[in-house]
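Novice: One structure, as structure tokens, below. Some questions next.
The values are calculated or read from the model by the stated rules, or taken from the named source; none is laboratory data. On a predicted model such as this, the values are computed, not experimentally measured, just so you know. So basically every Cβ, Gly included, is an ideal-geometry build from the backbone, and we count neighbours across all protein chains shown.
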Amino acid sequence: MDIFHIEGPVQLSGSVNINGSKNASLPIMAATILAPGKSVLRAVPHLSDISVCGKLLRQLGCKLTRGPDGDLCIDSTVIDNPVGEYEIVRRMRAGICILGPLLARCGRAEVSMPGGCAIGDRPVNIHLRGMRELGAKIHLKNGYIIAEAPNGLKGKDIFMGGPFGSTVLGTANVLMAATLAKGRTVIESAACEPEITDLANCLNKMGAGITGIGSPRLTIEGVKELQPVEFEVIPDRIEAGTFMVAAAITAGELRLRNCRLDGMMAVVDRLRNIGVTVDAEGDGCVVTRRGPIRPTNITTQPYPGFPTDLQAQFMVLLSLAEGNSVIIEKVFPDRFMHVAELSRMAANLRKEGPAVIVAGVKTLIAAPVMASDLRASAALVLAGLAAGGTTVVNRVYHIDRGYEKIEERLNPLGARIIRESV
Ligand code: EPU
């Protein structure tokens, strides 16, 4: 198991290229199931979650290769085992999004119920409701979702809202299933995240009939078949947001290349409110902080609201603000595993239900800390950049799930991070 030794405080400067989006890549990889043949996906990042998804697709019968230029080729000519094993889906919940494509293509799917998760309760009831609305028969057996539609799926008007708003992977799942259903499907209260827009654009390139892309009402005219595709995934807005916080927390200046600000306005708005300068430049932006960190309030929401996947990173930044901030988590109300770890580094945090009151402190102090999930561990790395002394982050495998060789990308910018295998 790897650990990080992070020497701080440092000031970052320089330029960094933002990689393709993990959360766009995962459902798009699943979408290749819908079209027998060879699809080529560009800009899919080299991450452990992507490898796990690849393993899942291989078990179904797909063949995967990486070209010399990094392109991911998925040959889905043969799908002879429509089963998503527990061993894989429990490690990566996005595995659930093979359910819709398998049902649409094979008329049957068995996918493990994902199970527990460090960021809180993550049910899949809305995914299943959507599949049932499309005519699938679903039951649970030995921890597996058994879904059957031997005569194909049928389009319908479906409401996909839940207690916390829309669902990203639920929308992806039903959207993919509906592309090959007979007739028209309308998904109302669809997720509007840029990753869903990217998936819908990819599906249309494969021959699907989706309109209303980017809105909460998606209309899908079912087609008989889809074709394999060549498609480049969008840049990762959460990785970009994490580097923005890295610039801000170290009072540095970073140039982010391949970064689309138009999907990040809620994030940019909060950064400017905090006193961070974000200027568009070329295909990206320049992020600078010169003055003090000002306190602010943040409420996470589905897109276009502030993303839950940047909540932990902003909590670290606001820990060093000149005053008190409140962060309210409205997507995953229990996603606060980082609070106890950041408190070990002298952050002054008080959790009140789905909110955390962040009282700004002058400095963070290095400590050994434990990564609990992907974004929480990114927050600990950011804290380590700003804290005086050597922060040791355990369980770095969490961060490898979503950030490609983060230390090799931060060190040329001025960070001092050593990875050690223990
Ligand atoms: N929900 C239900 N029922 C469902 C599905 C969701 O009640 O059937 C609830 C969830 O419990 C949660 C809310 O709806 O309270 C939103 O969850 P959503 O389904 O949108 O999350 P997800 O699709 O499982 C994706 C990302 C997450 C990201 C969330 C929210 C991928 C692979 N995962 O998860 O990313 O936090 O959307 O934006 O796209 C990460 O990258 O670190 C990560 C966790």
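Novice: Out of (1) touching a Ser or Thr at 6+ places or on another chain (Cβ under 9 Å); (2) surrounded by fewer than 19 Cβ atoms within 10 Å (Cβ to Cβ); (3) outside any strand (DSSP E or B), what's the single condition that is false for E408?
Specialist: (1)
Novice: Identify all residues within region 370-389 that are at pLDDT 95 or above and in a strand (DSSP E or B); write none if there are none.
Specialist: Of everything in region 370-389, those that are at pLDDT 95 or above and in a strand (DSSP E or B) turn out to be G388, G389.
Novice: I need a count of the residues in region 71-91 that are buried (at least 17 other Cβ atoms within 10 Å of the Cβ), over 21 Å from G170 (Cα atoms) and aliphatic (A, V, I, L, M).
Specialist: Residues in region 71-91 being buried (at least 17 other Cβ atoms within 10 Å of the Cβ), over 21 Å from G170 (Cα atoms) and aliphatic (A, V, I, L, M): 3 in total.
Novice: Quick check on region 183-190. Is at least one of its residues more than 9 Å from the ligand (Cβ to nearest atom) and modelled with pLDDT under 95?
Specialist: Within region 183-190 (the criterion being more than 9 Å from the ligand (Cβ to nearest atom) and modelled with pLDDT under 95), the answer is no, since none of the residues qualifies.
Novice: Mind checking which residues of region 107-127 are within 9 Å of the ligand (Cβ to nearest atom) and not basic (K, R)?
Specialist: Of everything in region 107-127, those that are within 9 Å of the ligand (Cβ to nearest atom) and not basic (K, R) turn out to be P114, C117, I119, G120, D121, P123, V124, N125, I126, H127.
Novice: Kindly indicate which of E188, E253 is more than 24 Å from V381 (Cβ to Cβ) and surrounded by fewer than 22 Cβ atoms within 10 Å (Cβ to Cβ).
Specialist: Exactly one of E188, E253 is more than 24 Å from V381 (Cβ to Cβ) and surrounded by fewer than 22 Cβ atoms within 10 Å (Cβ to Cβ), namely E188.
One line per residue, one yes/no per condition, for (1) at pLDDT 95 or above; (2) surrounded by fewer than 22 Cβ atoms within 10 Å (Cβ to Cβ); (3) over 21 Å from A149 (Cβ atoms):
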| position | (1), (2), (3) |
| --- | --- |
| I6 | yes, no, yes |
| P9 | yes, yes, yes |
| N23 | yes, no, yes |
| I28 | yes, no, yes |
| L57 | yes, no, no |
| D69 | no, yes, yes |
| R93 | no, yes, yes |
| R108 | yes, yes, no |
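Novice: Please enumerate the residues belonging to region 130-139 that are surrounded by 17 or more Cβ atoms within 10 Å (Cβ to Cβ), farther than 23 Å from I28 by Cβ and within 16 Å of the ligand (Cβ to nearest atom).
Specialist: Within region 130-139, the first condition is being surrounded by 17 or more Cβ atoms within 10 Å (Cβ to Cβ), and the residues that meet it are 130-131, 133-136, 138.
Then keep just the ones that are farther than 23 Å from I28 by Cβ; that gives 133, 135, 138.
Selection gives E133, I138.
Novice: With region 77-161 as the region, which helices (runs of 4 or more DSSP H) entirely inside it contain at least 1 residues that are touching a Gly at 6+ places or on another chain (Cβ under 9 Å) and farther than 18 Å from M176 by Cα?
Specialist: 86-89
Novice: Quick check on region 340-361: of everything there that is buried (at least 19 other Cβ atoms within 10 Å of the Cβ) and under 24 Å from P302 (Cβ atoms), which residue is farthest from the chain's Cα centre (by Cα)?
Specialist: Across region 340-361, the extreme among qualifying residues is V358.
Novice: Mind listing just one residue for me: the one in region 303-313 that is out of contact with any strand residue (DSSP E or B) (no Cβ under 6 Å at 6 or more places or on another chain) and in a helix (DSSP H, G or I) and, of those, nearest to the ligand (Cβ to nearest atom)?
Specialist: Restricting attention to region 303-313, the residues satisfying the condition of being out of contact with any strand residue (DSSP E or B) (no Cβ under 6 Å at 6 or more places or on another chain) are 303-305, 307, 309-310, 312-313.
Okay, now just the ones that are also in a helix (DSSP H, G or I), so 309-310, 312-313.
Numbers: D309: 5, L310: 10, A312: 9, Q313: 11 Å.
Checked region 303-313; the qualifying residue nearest to the ligand (Cβ to nearest atom) is D309.
Novice: Next question. Of all residues being of a type in the set (G, A, S) and within 19 Å of the chain's Cα centre (by Cα) in region 168-179, which is surrounded by the most Cβ atoms within 10 Å (Cβ to Cβ)? Just the residue, please.
Specialist: Here the residue is A172.
Novice: Kindly indicate the residue of region 191-239 that is buried (at least 18 other Cβ atoms within 10 Å of the Cβ) and small (G, A, S) and also farthest from the ligand (Cβ to nearest atom) among those meeting that condition.
Specialist: Per the criteria, the residue is G222.
Novice: Sticking with this one: Among the residues of region 391-405, how many are of a type in the set (V, I, T), assigned to a strand (DSSP E or B) and either out of contact with any Pro (no Cβ under 9 Å at 6 or more places or on another chain) or more than 20 Å from A248 (Cα to Cα) (or both)?
Specialist: Restricting attention to region 391-405, the residues satisfying the condition of being of a type in the set (V, I, T) are 391-393, 396, 399.
Checking which are assigned to a strand (DSSP E or B) leaves us with 391-393.
Next, only the ones that are either out of contact with any Pro (no Cβ under 9 Å at 6 or more places or on another chain) or more than 20 Å from A248 (Cα to Cα) (or both) stay: 392-393.
So the answer is 2.
Novice: Out of the residues in region 140-167 that are buried (at least 19 other Cβ atoms within 10 Å of the Cβ) and more than 16 Å from the ligand (Cβ to nearest atom), which is farthest from I328 (Cα to Cα)?
Specialist: Restricting attention to region 140-167, the residues satisfying the condition of being buried (at least 19 other Cβ atoms within 10 Å of the Cβ) are 145, 147, 149, 153, 155, 158, 160, 166-167.
The next check asks that each one be more than 16 Å from the ligand (Cβ to nearest atom); those that pass are 149, 153, 155.
Details: A149: 41, L153: 39, G155: 37 Å.
Looking at residues that are buried (at least 19 other Cβ atoms within 10 Å of the Cβ) and more than 16 Å from the ligand (Cβ to nearest atom), I get A149.
Novice: Go through region 236-284 and give me each residue that's without any contact (Cβ under 8 Å) to a residue 24 or more places away in the chain and among the basic types (K, R).
Specialist: R272
Novice: Among the residues of region 256-294, write down those that are under 18 Å from the mean Cα position of the chain (by Cα), surrounded by fewer than 16 Cβ atoms within 10 Å (Cβ to Cβ) and among the hydrophobic types (A, V, I, L, M, F, W, C).
Specialist: Passing the criteria: only M265.
Novice: For R289, state whether it is charged (D, E, K, R), under 18 Å from L271 (Cα atoms) and at pLDDT 95 or above.
Specialist: Taking the combined requirement at face value, the residue satisfies it.
Novice: Just one of (1) outside any helix (DSSP H, G or I); (2) touching a helix residue (DSSP H, G or I) at 6+ places or on another chain (Cβ under 9 Å); (3) under 17 Å from A383 (Cα atoms) trips up A280, so point out which.
Specialist: If we test A280 against (1) outside any helix (DSSP H, G or I); (2) touching a helix residue (DSSP H, G or I) at 6+ places or on another chain (Cβ under 9 Å); (3) under 17 Å from A383 (Cα atoms), just (3) comes out false.
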